[in-house]
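Below is one structure. I have some questions about it.
The values are calculated or read from the model by the stated rules, or taken from the named source; none is laboratory data. None of these values were measured; they are calculated from a predicted model. Positions of Cβ are generated from backbone atoms using ideal geometry, with glycine treated the same way; all protein chains shown enter the neighbour counts. SASA here: full protein model, heavy atoms, side chains in, ligands and nucleic acids out. Shrake-Rupley method; radii C 1.70, N 1.55, O 1.52, S 1.80 Å.
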Amino acid sequence: RIVNRAIHALFHCYQVTIGYTSSGYNTSNMDEKNARLWIKLEWKALRKALNTDSAEQKLAIRDALVFKGSNRELYQKYASDEIRFENFEGLAAFTYILLSTSSAEENKTRLLEYLDRIYSIPSYARSYGPITGALYANLLYNKGYDFKTIRSENVDLGEEVKKLYEIQLPEVCRDVAGSLALNY
């Protein structure tokens, strides 16, 4: 735990040197019933994406992004804070998990254990960002993404995954999210 916290803190120091800020996130919407529903569905789809490959993985990633999109459509005014929170804390969490594990399988196990711990927390407003960002960062990492290109806290990790995996989303995510939810 000491090593994890040290890596986490050092990564935040690095982020600050390239212009990230670490305060002022308003993600209070994540404690509302609908937001919690969408984020839990997103996590279930991301879990599936980490445990599958090829076509099935791409569908699970698409589903996760549809659930994320549904949440963002419902709570548009919080989107920029969500992006910054997932980016700032998610990349730090991804980094310490990656650097403190010795294999891809151990990394995935630790990431999913972290997700299980967060899943049961009664409030997501200050806890969902690190795991959500780390899950998307892991998908980017598995495709050889160059994280050095992220020079801003405003980079949407979900959008980067969408581009890298060539995912097409519906114009309005909530139009299809309900039917996709039945699979999760």
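Which residues, counting only those in the range 126-147, are open to solvent by 10 Å² or more (accessible area, probe 1.4 Å) and within 16 Å of Met30 (Cβ to Cβ)?
Within the range 126-147, Arg126, Ser127, Pro130 qualify.
For the range 37-47, enumerate the residues that are within 14 Å of the chain's Cα centre (by Cα) and either closer than 15 Å to Ser120 by Cα or open to solvent by less than 40 Å² (accessible area, probe 1.4 Å) (or both).
Once the filter is applied, which keeps residues that are within 14 Å of the chain's Cα centre (by Cα) and either closer than 15 Å to Ser120 by Cα or open to solvent by less than 40 Å² (accessible area, probe 1.4 Å) (or both), the range 37-47 yields Trp38, Ile39, Lys40, Leu41, Glu42, Trp43, Lys44, Ala45, Leu46.
State the number of residues belonging to the range 54-105 that are in contact (Cβ under 8 Å) with a residue 60 or more places away in the chain, among the hydroxyl-bearing types (Ser, Thr, Tyr) and open to solvent by 30 Å² or more (accessible area, probe 1.4 Å).
Residues flagged as in contact (Cβ under 8 Å) with a residue 60 or more places away in the chain, among the hydroxyl-bearing types (Ser, Thr, Tyr) and open to solvent by 30 Å² or more (accessible area, probe 1.4 Å) within the range 54-105 amount to 2.
Yes or no: Asn51 on the phi < 0 side of the Ramachandran plot and buried (at least 16 other Cβ atoms within 10 Å of the Cβ)?
Here the answer is no, as Asn51 does not meet what is asked.
Could you look through the range 106-132, keep only residues that are hydroxyl-bearing (Ser, Thr, Tyr) and free of Cβ contacts under 8 Å to residues at least 60 places away in the same chain, and pick out the one that is nearest to Lys68 (Cα to Cα)?
Among those that are hydroxyl-bearing (Ser, Thr, Tyr) and free of Cβ contacts under 8 Å to residues at least 60 places away in the same chain, it is Ser127.
Name the residues in the range 148-175 that are open to solvent by less than 50 Å² (accessible area, probe 1.4 Å) and part of a helix (DSSP H, G or I), would you?
Once the filter is applied, which keeps residues that are open to solvent by less than 50 Å² (accessible area, probe 1.4 Å) and part of a helix (DSSP H, G or I), the range 148-175 yields Leu157, Gly158, Glu160, Val161.
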